[in-house]
Amino acid sequence: MLGGYRIEGRRAAEIAASVERAVGAGELEPGGLLPPMRELAVRLAVNPNTVAAAYRILRERGVIETAGRRGSRVRPRPATTGREYVRVDVPEGVRDVASGNPDPALLPSLAKAFAAAAEHSDREPVLYGDDPVEPELARIARAALDADGVPDGPLAVASGSLDAIERVLAAHLKPGDTVAVEDPGWGSLLDLVPALGLRIAPVGVDDEGPLPDEVRRALTAGARALIVTDRAQNPTGAVVSGTRARALRSVLREHPETLLIEDDHGHGIVDLPLCPLAGVTHSWAFVRSVAKAYGPDLRLAVLTGDPVTVDRLRGRQRLGPGWVSRLTQRAVVRLWSDGTLDPAKVAATYGARRDLLLRALAGHAVEGHGRSGMNVWIPVPDETGAVARLLHSGWAVAPGARFRTSAPPGIRITVSTLIEEEVAPLAEAVARAVNPGPTRSYV
């Protein structure tokens, strides 16, 4: 059951720490079955309630999951191991198309923006008690949200999309609650949810976004929150279409108590229209980051939502970092205003690179998906074999295991820096690595 590892401890916290140390060190592998609580209590000479409390701590920390009489197991991808370990180390001479990063050549220069922001801050220093949101940033962000049909609501600023999503989840949910999440979906989010002690209800995705029937099934089964990527879905490139948005809003009207979180990290690199879902449920948040268009190191996302959600987020933020640097906010205002970035040109560039690869893959009868953003998702029959064969051919791709829970296998290719001369040899290498049979769906 546990191999040679012996769980130790007399108190619940000590027992939980013993298990978590073993998971982090790899001595207890994902999927490993833990002893029944009474059996472990006898072995440790403690009260069964003590073991029950330890297992509860481990569940809330996202380390284990319990399935009734089937017992408690180490989570398939516990928070202490992280999906970042499910990756390919890129040897020298191998082309990296796995990273998920934007093309640095398409990012604007930050020097002038931060110099201008610093001069502004010298004239008007931000002090304790000042507004946490730069007024001009709020004005520009609100105008853009209005233009995209996002409902009116108060604004907050967080340190990137994941920070915003974590704070919204923590504002409404408690350990043990279930969150409906896209599958395949963003690996960091699939790590975050169990790390908060929450359960994942996987929801299938096609090129138009989450499947309404699967969303309905998850919410009917008790999921208290739904997280949707509106555009540039990672890893599939899905975009929520107008038809799909209407269907999803219809489902959400049946469950108005659902916490809805929308992630529009693709803003600025996508030329397809936004079809927001917000406003149907009582509690909602809409998150828009600057990472993909302006640079990951800016660590800034604008968030709007219903007044209760935003007020709770701001209140908890005050007790932690306080606010996101107004210096950074002022630099982002400058970047938004100076015209050095042409979002339409950036979107067109990424679109051309995606389309070139998708057409080349289709020429080899390989199924690929990527309506938007900088990634292409390719269903494969043998994920490990495909990744290994591509690495041998000189291409490092991202294993689909980083992005899925119950969805079929796949690989993700980042096209952000792909040049035209590389497309044909990459598609040929993928075809050899995948060796596809009948067309497979990633839903």
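The values are calculated or read from the model by the stated rules, or taken from the named source; none is laboratory data. Just so it is clear, the structure is predicted and the values come from calculations on it, not from any experiment. Cβ: placed from backbone, ideal geometry, glycine included. Neighbour counts: every protein chain shown.
A few points about this structure:
- Number of the exception - residue 237 against (1) within 19 Å of residue 302 (Cβ to Cβ); (2) surrounded by 23 or more Cβ atoms within 10 Å (Cβ to Cβ): (1)
- For the stretch 240-263, the count of residues that are touching a residue at least 12 places away in the same chain (Cβ under 8 Å) and touching a Phe, Trp or Tyr at 6+ places or on another chain (Cβ under 6 Å) is at least one.
- Qualifying residue in the stretch 203-212 (condition: in contact (Cβ under 8 Å) with a residue 24 or more places away in the chain and on the phi > 0 side of the Ramachandran plot): yes
- Residue within the stretch 413-424 that is under 28 Å from residue 201 (Cα atoms), out of contact with any His (no Cβ under 6 Å at 6 or more places or on another chain) and at pLDDT 95 or above present: yes
- The combined condition, being in a helix (DSSP H, G or I), modelled with pLDDT of 95 or more, under 17 Å from the mean Cα position of the chain (by Cα) and not charged (D, E, K, R), is not fulfilled by residue 247.
- Count of residues meeting criterion [aliphatic (A, V, I, L, M), surrounded by 20 or more Cβ atoms within 10 Å (Cβ to Cβ) and assigned to a helix (DSSP H, G or I)] in the stretch 394-428: 3
Matching residues to (1) part of a loop (DSSP other than H, G, I, E, B); (2) at pLDDT below 90; (3) over 27 Å from the mean Cα position of the chain (by Cα):
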position: 6; (1), (2), (3): yes, yes, yes
position: 9; (1), (2), (3): yes, no, yes
position: 20; (1), (2), (3): no, yes, no
position: 30; (1), (2), (3): yes, yes, no
position: 38; (1), (2), (3): no, no, yes
position: 42; (1), (2), (3): no, no, yes
position: 53; (1), (2), (3): no, no, yes
position: 69; (1), (2), (3): no, yes, yes
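- Residue match in the stretch 246-268 (condition: surrounded by fewer than 20 Cβ atoms within 10 Å (Cβ to Cβ) and more than 22 Å from residue 218 (Cα to Cα)): no
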